[in-house]
1. Mean residue ellipticity at 222 nm from the helices of the chain, using -39,500 (n - 2.57) per DSSP H segment of n ≥ 4 over the full residue count, to the nearest 500 deg cm²/dmol?
2. Determine which aspartates and glutamates satisfy two conditions relative to Lys217: a Cα distance under 15 Å, and not lying fewer than 8 residues away in the same chain.
3. Longest exposed-loop-site-free stretch of the chain, with GluC sites (Glu not before Pro), DSSP loop and at most 10 other Cβ within 10 Å?
4. If you wrap a convex hull around the C-alpha atoms of the chain and split its volume per residue, what is the figure in Å³?
5. Fully extended, how many nm does the chain gain between Ala363 and Tyr289 (0.36 nm per residue separation, minus their Cα-Cα distance)?
6. Subtracting the Cα-Cα distance from 0.36 nm times the residue separation, let me have the gained length for Lys97 to Arg370 in nm, one decimal.
7. Among Val22, Leu90, His44, pick out the residue whose Cα is farthest towards the positive end of the charge dipole of segment 9-110, where Lys and Arg carry +1 and Asp and Glu carry -1 on C-beta, about the Cα centre.
8. Cα centroid distance between segment 333-400 and segment 262-278, in Å?
Amino acid sequence: MSSYHPLTEAEAIEIAKSVPGVFNADAKLVSREIGDGNLNLVFHVSDPATNASLILKQALPYAKVVGESWPLTLDRARIESEALILQEKLAPGLVPKVYVNDNVLALTVMEDLSDHVIMRRGLIEGGTYPKFAEDISDFLARTLFFTSDLGLNQQEKKGLVRSFVNPELCKITEDLIFDDPYTNSPNNSFDDHLKEDAQALWDDSDLHFEVALLREKFLTHAQALLHGDLHTGSIFITPESTKVIDPEFAFYGPIGFDIGAIFANLLMHYAAQEHWTPDEATRRDRRAYLTNTIRDIWAGFDRKFRELWNENGVDRISRTPGYQDDYMNRLLKDAFGFAGAKIVRRIVGLSHVADIDKIPDAAVRAKAQRLSLAIGTSLIKRNRNAASIEELIGIAESAV
Ligand code: ADP
Ligand code: MG
Ligand code: MG
Ligand code: MG
């Protein structure tokens, strides 16, 4: 294969054509670049005559948001392809099918999921997803259990740890989630009306202590192969189907980080409801739907992870009475802390969420931002004492 260069639309079409069994030999394909991220090109290649289509995702050697001044390893494309292939094996049907990956071109050719909608947008448009809690708890339990030391022998696990060393992408998380929001960093970005709220974060040494512990866990706790960026913009959804995309941040880290990412994004959507659901009675229902989803995700994850463990646990000592309860309780605590950290960074840090930023009225937006910060900081402060998912829901409900 030729050396690395960003693909043109014509080259994307040529590569798509070479994938066996998708397009007719004489098909006239069209390509559109549809990437909405900052780091990658995404080509949608299709045959208008048959509606057959493919997605080509190619990593760029720099972050688009700041031009070429922020170089970023192309190895993340290999990590993304390999993670998708492994996730498909462990949690069939919950990720896009990978057809081809080319590590020189930093390219993944995959199933087109355009019949799904990105969950963040679906939620903003008022969508409800009755299968989501079941699907995402399956994805979490299966991908995390079978890559952990509970479900994989130590030698194989160490091999996976080595394949998924991802220092540059982890560094982004370490800085943007566990450092910048807690100091007056030039990477931060927030509305002027949040100056005092940001200052309060910067001055709160009890909060910093908890964030330092969470950061230490992120840096050192190689518990399972994480997705690493599991927000509602990394999930394609319909009422019947869930597909997790974009695992370029995958690495061996603490399980609660992936679970917390889901909770954080549902909670920010909850915090933004004054705008998205103006009618008060409907808003109460909408918020109850979101908290029930969180409750169902935790219950499903807890039950399925334990079942997998009881049926497939690879060693004796981890069957010691009490150990499983202790382990699951630690995952819950971590999920609280990481959820909180993921909320705080989306309000004052570099990268925000549309659920909140797209609220046009500054006063309503400010309320959603402050509500998010109240929930996020409470979760961080509670994390080591958390014992039940109901506490997380209570924190969200009493912050409104
Ligand atoms: P990034 O890492 O740059 O955020 P994503 O993998 O999240 O890239 O993809 C960016 C966008 O490209 C998605 O929000 C979606 O609109 C589109 N996209 C990505 N993968 C697919 C796919 N398999 N099918 C259809 N659209 C996709
Ligand atoms: Mg994106
Ligand atoms: Mg993405
Ligand atoms: Mg990405």
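1. That comes out to -16500 deg cm²/dmol.
2. Once the sequence-local aspartates and glutamates are set aside, what remains near Lys217 is Glu174, Asp175, Asp179, Asp258, Asp334.
3. 241-400
4. Convex hull of Cα atoms, per residue: 145 Å³.
5. Gain on extension, Ala363 to Tyr289, equals 24.1 nm.
6. Difference between extended and current length: 94.3 nm.
7. Toward the positive end, the furthest listed residue is Leu90.
8. Taking the Cα centre of each part, segment 333-400 and segment 262-278 sit 9 Å apart.
A short reminder: the numbers here are calculations on the coordinates, not readings from a lab. None of the values given here were measured: they were computed from a predicted structure. Because the Cβ atoms are built from the backbone with ideal geometry, glycine has one as well, and the counts that use them run over all protein chains shown.
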